[in-house]
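J.: One structure, as structure tokens, below. Some questions next.
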Amino acid sequence: MALPPIIYRVAIDLADSDRDRYVALRATVARHPSETAERLIVRLLAYAWCYEEGLVFTKGISSGDEPDLWVKGADGRTQCWIEVGLPEAERLLKAGHHVERVVLFAYGSGLRRWKERHLPKLSRAENIICYGVDDPFIAELVPRLERSLTWALTVAGGVIYLEMNGEAFATVLTPLSAGGS
């Protein structure tokens, strides 16, 4: 029998002064049994960093043909495609041919090798941007992951400041490519 997903209830008070976006985000997020805590944390960071009206979590890891998050227009067409992890460049390029914007949040022990292999292919695509997420930052959050999360997340000058349960953390998402914005 397959294990059921773990459900997380997330409240993020987002104050993004870089984009002049101040909003209280609420989401229920399913963590697939094969998904790591690190990956879930990066999905939540991607949700906050890229937040715009209509941004939703998809089936993600349990559906090979969907990104982790997306924004669809009124006509049902995908406008923004957001992935986390270290996907093949071809997957991102294919998405980039069909959507306005593709955003990748890359992390993990294979990141250096991934950059050497895939960034040259992606650098030609103007609508694809890749960010590197700091592994030590993620590692600090993993033991604090609870089924009910409340984050106060501030973005200022490209820095993410995260407060949860009275503890404060900070990181910078490093742009990995010279692609679009």
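The values are calculated or read from the model by the stated rules, or taken from the named source; none is laboratory data. Given the structure is predicted, the values throughout are model-derived calculations rather than measurements. Because the Cβ atoms are built from the backbone with ideal geometry, glycine has one as well, and the counts that use them run over all protein chains shown.
J.: Give region 103-131 a look and list any residue that's among the aromatic types (Phe, Trp, Tyr) and either surrounded by fewer than 15 Cβ atoms within 10 Å (Cβ to Cβ) or touching an Asp or Glu at 6+ places or on another chain (Cβ under 9 Å) (or both), or say none. Write out each step before concluding.
T.: Going residue by residue through region 103-131, those that are among the aromatic types (Phe, Trp, Tyr) are 105, 107, 114, 131.
105, 107, listed by residue number.
J.: Right, here's the next one. Please find, within region 132-170, the residue that is surrounded by the most Cβ atoms within 10 Å (Cβ to Cβ) out of those that are under 17 Å from residue 50 (Cβ atoms), in contact with a helix residue (DSSP H, G or I) (Cβ under 8 Å, 6 or more places away or on another chain) and without any contact (Cβ under 8 Å) to a residue 60 or more places away in the chain.
T.: 162
J.: In addition: Scan region 47-67 and give yes if some residue there is among the β-branched types (Val, Ile, Thr), in a loop (DSSP other than H, G, I, E, B) and under 20 Å from residue 11 (Cα atoms), otherwise no.
T.: Here is the first cut: in region 47-67, the residues among the β-branched types (Val, Ile, Thr) are 56, 58, 61.
Subset that is in a loop (DSSP other than H, G, I, E, B): 58.
Still in the list and also under 20 Å from residue 11 (Cα atoms): 58.
Yes, that holds for at least one residue.
J.: Right, something else. May I ask you to list the residues in region 31-78 that are touching a residue at least 40 places away in the same chain (Cβ under 8 Å) and either touching a helix residue (DSSP H, G or I) at 6+ places or on another chain (Cβ under 8 Å) or within 19 Å of residue 128 (Cα to Cα) (or both)?
T.: 37, 38, 39, 41, 42, 43, 45, 46, 48, 49, 50
J.: Consider only pairs whose beta carbons are under 7 Å apart and that are at least six residues apart or on different chains; among these, list those whose first residue lies in region 1-25 and is assigned to a loop (DSSP other than H, G, I, E, B) and whose second residue is surrounded by 13 or more Cβ atoms within 10 Å (Cβ to Cβ).
T.: Final answer for the pair search is 5/30; 5/31; 5/32; 17/155; 18/155.
J.: Looking at residue 43 and the list (1) in a helix (DSSP H, G or I); (2) farther than 25 Å from residue 159 by Cα, which single condition is not satisfied?
T.: That leaves (2) as the condition not met.
J.: Name the single residue, out of those in region 143-181 being part of a strand (DSSP E or B), of a type outside the set (A, V, I, L, M, F, W, C) and closer than 21 Å to residue 130 by Cβ, that is modelled with the highest pLDDT. Before the answer, list the steps.
T.: Narrowing region 143-181 to residues part of a strand (DSSP E or B): 148-156, 159-164, 167-172, 174-175.
If we keep only those that are of a type outside the set (A, V, I, L, M, F, W, C) as well, we get 148, 150, 154, 161, 163, 167, 171, 174-175.
If we keep only those that are closer than 21 Å to residue 130 by Cβ too, we end up with 171, 174-175.
Values: 171: 97, 174: 92, 175: 93.
Here the answer is 171.
J.: Across region 91-101, what is the total count of residues that are in contact with a strand residue (DSSP E or B) (Cβ under 6 Å, 6 or more places away or on another chain) and either among the charged types (D, E, K, R) or within 9 Å of residue 130 (Cβ to Cβ) (or both)? Give the derivation first.
T.: Just the residues of region 91-101 that are in contact with a strand residue (DSSP E or B) (Cβ under 6 Å, 6 or more places away or on another chain), to begin with: 92, 95-96, 99-101.
Applying the additional criterion that residues be either among the charged types (D, E, K, R) or within 9 Å of residue 130 (Cβ to Cβ) (or both) yields 92, 100-101.
The qualifying residues number 3.
J.: In this structure, does residue 76 turn out to be among the small types (Gly, Ala, Ser) and modelled with pLDDT of 95 or more?
T.: no
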